[in-house]
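Report on the following structure.
Any read-out appearing in this document is the output of simple, stated calculations on the displayed coordinates, not a laboratory observation. Computed from a predicted model, the values in this text were never measured in an experiment. In this analysis, Cβ positions are derived from the backbone assuming ideal geometry, glycine residues included, and neighbour counts consider all displayed protein chains.
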Amino acid sequence: MARALARGWGDPVLCTDAGSGRAAALVEELGGEALESNLAVAERADLVVLCHKPVGLDSVAQEISGVVKAVASVLGATPTERLEHAYDGTPVFRMMPNTAVEVRRGLVCYTPGRRTPDPSLEAEVLALFARLGRVVSLDERQIEAATAVMGVGPAYQALLAEAQVDAAVRRGLKPGLAAELVVETMGGTAALLAARDYDTLAVRREVTSPGGSTARGLAALERAGVRAAFHDAIDAVIDGART
Ligand SMILES: NC(=O)c1ccc[n+]([C@@H]2O[C@H](COP(=O)([O-])OP(=O)(O)OC[C@H]3O[C@@H](n4cnc5c(N)ncnc54)[C@H](OP(=O)(O)O)[C@@H]3O)[C@@H](O)[C@H]2O)c1
């Protein structure tokens, strides 16, 4: 996620890693500096974007809390209250991006915390993330369900595309052509849905002539349990994050 964000911003970065060398690789690509410690980043940056795993919250906070000027966290399943506790007295912004930020077509969900942030700092942070796509502000009680569709969504869409490509290859299309047709159809459908106020049913009905081929294809997907599969998936994502 750090790499996707940094590529989306396209600016030189100040960054660290836990020893893998990925920070240096990012600097090689975008410019900036891979620093020797999180503390060094905190001392120099106006805003630190936390992109480690949620389990690292307390240990990273121990290194930089009190020094860091402001924190934006993309940590999954980590409520603002936990962030504010770990970074006592520091402005904290909980953001949930998806990997499409890399191409500036991302979604970033923002859940304002209990502390009232400095409005100009909040505006700056939101403007920074708005460079990566659309920022949607929502109540923190909605963040789990939101993450379960938009955070994991790129993987779902890729799987759905892959399944369709495989099916088309089985019926004779070359893989590259099949992938182009499927993915461009996804992109075009997304644009069409957005133009129609996200009315999925209306768009689906328009393509589906009564008794026609689309109706037969949709019925086959329903028989295969496509809706139930997505219900199971959202439960697995949300309930798994709580354990
Ligand atoms: N993947 C997504 O689509 C997505 C979407 C939304 C939110 N998120 C959130 O983003 C976070 C990262 O997920 P990810 O998929 O990008 O995981 P990841 O590929 O494992 O990346 C985690 C990065 O954090 C670095 N790191 C770990 N401990 C560190 C420390 N103490 N100091 C400095 N750097 C440290 C790791 O360094 P090394 O490279 O040295 O291991 C690694 O580069 C998670 O909290 C996740 O919930 C992910």
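Observations, loosely collected:
- Phi-derived couplings, Karplus 6.51 cos²θ - 1.76 cosθ + 1.60 at θ = phi - 60°, listed residue by residue for the range 65-71: 4, x, 9, 5, 7, 7, 10 Hz, with x used for Gly and Pro.
- Contour excess over end-to-end distance, with Cα ends at ALA220 and ALA236 and 0.36 nm allotted per residue: 3.3 nm
- For the chain, share of DSSP beta bridges that run antiparallel, in % to the nearest 5: 20
- Computed per residue of the chain from DSSP H runs no shorter than four, each worth -39500 (n - 2.57), the mean residue ellipticity at 222 nm is -16000 deg cm²/dmol.
- Distance distribution P(r), the range 79-183, all Cα-Cα pairs, bin width 5 angstrom from 0: 2, 12, 17, 16, 15, 11, 8, 6, 5, 4, 2, 1, 0 percent.
- Annotation: amide H-H contacts under 5 Å for VAL49 (H modelled 1.01 Å from N, sequence separation of 5 or more, or interchain): ALA72.
- In the range 1-84, the GluC sites (Glu not before Pro) that fall in loop regions by DSSP, at most 13 other Cβ within 10 Å: GLU36
- For the range 182-190, putting each phi into the Karplus relation 6.51 cos²θ - 1.76 cosθ + 1.60 with θ = phi - 60° gives couplings of 5, 5, 5, 5, 4, x, x, 5, 4 Hz, in residue order, rounded to whole numbers and with x for Gly and Pro.
- Rule-of-thumb Rg ratio for the chain [Cα; 2.2 N^0.38 Å; N residues]: 1.18
- When the alpha carbon gyration tensor of the range 2-140 is reduced to an equivalent ellipsoid, the three semi-axes, largest first, read 21, 19, 13 Å.
- Equivalent ellipsoid semi-axes - Cα gyration tensor, the range 145-195, angstrom: 23, 14, 7
- Rel. contact order, % - alpha carbon contacts under 8 angstrom, at least six apart, the chain: 13
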